[in-house]
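Heads up, the thing below is written out as structure tokens.
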Amino acid sequence: MKERLDANDAKHTNKFHCVTFILGEDLFGIQINFIREIIEFEGITHVPMMPNFVRGIINLRGSVVPVIDLSVRFGRELTVLKPSTCVAILSLPGLEGYSEVGILLDAVCEVLEIPMEDIDPTPTFGARIRGDFIQGIATIEERFAILLNVQRALSVAELSAMAESVMQLHFADDTEVA
């Protein structure tokens, strides 16, 4: 018998309230309380010496927001930009309060409330992304949806450490050449 996702993960309710979206061929869901807004993709400024999953930055009403390509973060190909591409602006808890991070999505589908009893635990095999990035699996209209654990998949501390290591490698290369 399978264990079900603990109801405490959905703020003591019987439902997982999420936004579903397409990334490549797959359907994903993110808990709605992390999503600040979803905006049209209107371009991006590339930043040198960043990890390959950081597509660049955008200006969101005067604030600089890094944009993560989830597809690359999950070990897949670069997201192909198309008319349905959008950016979800997330507000993530970090070491110094909350940080805003954008994620590139192929398309947003809908807002859903999934009953907790309909959510299966993270599979132990067969997933094409790291198991700790997955909060659970749900079936939506006869299709599997991967419900992301946003705090792990987009850990501000882990992303910052990766960016720092890329910069150190770059500067180490510069000193060897000089």
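The values are calculated or read from the model by the stated rules, or taken from the named source; none is laboratory data. Please read these numbers as outputs of a predicted model, since none were measured by experiment. We place every Cβ from the backbone using ideal geometry, glycine too, and count neighbours over all the protein chains shown. With ligands, DNA and RNA removed, areas are computed over all heavy atoms of the protein, side chains included. Shrake-Rupley method; radii C 1.70, N 1.55, O 1.52, S 1.80 Å.
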Original post:
Within region 27-61, how many residues are open to solvent by 30 Å² or more (accessible area, probe 1.4 Å), modelled with pLDDT of 90 or more and either closer than 25 Å to GLY136 by Cβ or not aliphatic (A, V, I, L, M) (or both)?
Top reply: 15
Original post:
Of the residues in region 51-69, how many are assigned to a strand (DSSP E or B), under 15 Å from the mean Cα position of the chain (by Cα) and farther than 19 Å from LYS82 by Cβ?
Top reply: 3
